[in-house]
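The structure under discussion appears below in the form of structure tokens.
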Amino acid sequence: MTGENVKTLILVIDDEIQIRRLLRGCLERNGYEVLEAATGDEGTSEAIRAQPDVILLDLVLPDLDGLSVLRRLREWTKAPIFVLSVKDRDTDKVIALDNGANDYLSKPFSTSELLARLRVLRRYNQPAARASVFCTGSLQVDLSARTVKVRGQPLKLTVTEYSLLRFFVQHAGRVLTHGQLLREIWDSEEVEKTGRLRVYMTYLRDKIEANPSKPELLTTVPGVGYRLEVRE
């Protein structure tokens with residue numbers, strides 16, 4: 001993703017040839033360049049060689065555990081990694097996200113949802129490093145000035161509320177688990193503090209959402225965590 005005329009390179013690591021064919025066809029029709037790997041070792045080697053912009057990783061591979069591959073990749077690459085897996089329990093999703101995955105889609109998955117997530121990455125990848133001002137929907141956050149506006153009006157947040165929102169902005173479009181949020185804001189993963197997180201999510205939604213009971217910006221991923229959606 002280094003230039004407007006350069007295609008985004010996606011590496012698909014999956015042992016199911018039907019899935020690879022499906023993804024290749026879908027992605028190439030939408031302007032992506034695709035590489036394939038059928039095993040964890042092959043995928044790791046291909047990732048080192050090709051330096052892909054995005055990696056789609058299956059957790060069930062014939063030679064290595066997918067989480068091991070994920071941890072290997074995260075030792076050296078910051079490329080977004082999407083986990084695609086038949087494992088759809090909340091605990092599986094949390095473990096993958098806590099080990100460095102940017103997102104998790106359960107098989108069978110919707111290609112339209114995958115494409116939407118990829119568009120988010122292309123439009124707003126690593127926002128804090130690219131610009132100090134983040135905008136999504138009616139929300140504007142200026143990280144350098146530490147100011148927040150909703151529908152053009154200044155918004156007053158507490159220190160904790162701002163810290164929580166800033167962390168979401170720094171990872172916009174990515175699912176953040178309860179554990180990641182608790183570690184970042186309260187330096188703890190104690191389960192009993194999840195209630196405190198929910199309280200502060202309610203505070204934030206009351207201040208930034210048009211309809212807090214049906215949030216469109218700070219959305220819930222049931223059993224896993226939350227995501228700050230990137231919208232026009």
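The values are calculated or read from the model by the stated rules, or taken from the named source; none is laboratory data. None of these values were measured; they are calculated from a predicted model. Quick reminder, even Gly has a Cβ in these numbers, built from the backbone with ideal geometry, and neighbours come from all protein chains shown.
Identify, please: which residue in the range 119-168 is of a type in the set (K, R) and closer than 30 Å to C26 by Cα and is, among those, modelled with the lowest pLDDT? Walk me through it before giving the result.
At the first step, the residues of the range 119-168 found to be of a type in the set (K, R) are 119, 122-123, 130, 146, 149, 151, 156, 166.
Going one step further and asking which of them are closer than 30 Å to C26 by Cα, we end up with 119, 122-123, 130.
Working: R119: 86, R122: 68, R123: 66, R130: 48.
Looking at the filtered set, the residue picked out is R130.
Would you confirm whether or not the range 188-210 contains a residue that is within 22 Å of R146 (Cα to Cα) and in contact with a Gly (Cβ under 6 Å, 6 or more places away or on another chain)? No, there is no match, as no residue in the range 188-210 is within 22 Å of R146 (Cα to Cα) and in contact with a Gly (Cβ under 6 Å, 6 or more places away or on another chain).
Screening S85, S112, S68 for residues that are free of Cβ contacts under 8 Å to residues at least 24 places away in the same chain and in the same structural domain as R24 (by TED's automatic domain parsing) leaves exactly one candidate, S112.
Taken over the range 64-81, the residue count meeting the criterion of being in a strand (DSSP E or B) and crowded, with 21+ Cβ neighbours inside 10 Å is 1. Mind checking which residues of the range 179-228 are closer than 19 Å to D98 by Cα, assigned to a loop (DSSP other than H, G, I, E, B) and not small (G, A, S)? Once the filter is applied, which keeps residues that are closer than 19 Å to D98 by Cα, assigned to a loop (DSSP other than H, G, I, E, B) and not small (G, A, S), the range 179-228 yields D187, E189, E190, P222, V224. Condition check: within 23 Å of T219 (Cβ to Cβ), at pLDDT 90 or above and among the hydroxyl-bearing types (S, T, Y). Does S85 satisfy that? Taking the combined requirement at face value, the residue does not satisfy it.
In the range 94-112, of all residues being part of a helix (DSSP H, G or I) and either β-branched (V, I, T) or touching a Leu at 6+ places or on another chain (Cβ under 7 Å) (or both), the one that is surrounded by the fewest Cβ atoms within 10 Å (Cβ to Cβ) corresponds to T111.
Can you tell me how many residues within the range 30-72 are more than 20 Å from the chain's Cα centre (by Cα), charged (D, E, K, R) and either over 13 Å from T8 (Cα atoms) or at pLDDT below 95 (or both)? The qualifying residues number 7.
Just for the range 5-22: of the residues that are within 20 Å of K107 (Cβ to Cβ) and in contact with a helix residue (DSSP H, G or I) (Cβ under 8 Å, 6 or more places away or on another chain), which one is surrounded by the fewest Cβ atoms within 10 Å (Cβ to Cβ)? Before the answer, list the steps.
Of the residues in the range 5-22, the ones within 20 Å of K107 (Cβ to Cβ) are 10-22.
Going one step further and asking which of them are in contact with a helix residue (DSSP H, G or I) (Cβ under 8 Å, 6 or more places away or on another chain), we end up with 10-14, 22.
Details: I10: 23, L11: 24, V12: 26, I13: 30, D14: 25, L22: 16.
Result: L22.
Given the criteria in contact (Cβ under 8 Å) with a residue 40 or more places away in the chain, in a strand (DSSP E or B), touching a strand residue (DSSP E or B) at 6+ places or on another chain (Cβ under 9 Å) and on the phi < 0 side of the Ramachandran plot, does L176 qualify? So L176 fits the description; yes.
When residues in the range 201-232 are screened for being closer than 13 Å to T136 by Cα and of a type in the set (D, E, K, R), 6 of them pass.
Considering (1) touching a helix residue (DSSP H, G or I) at 6+ places or on another chain (Cβ under 7 Å); (2) assigned to a helix (DSSP H, G or I); (3) at pLDDT 95 or above, the lone condition that L27 does not fulfil carries the number (1).
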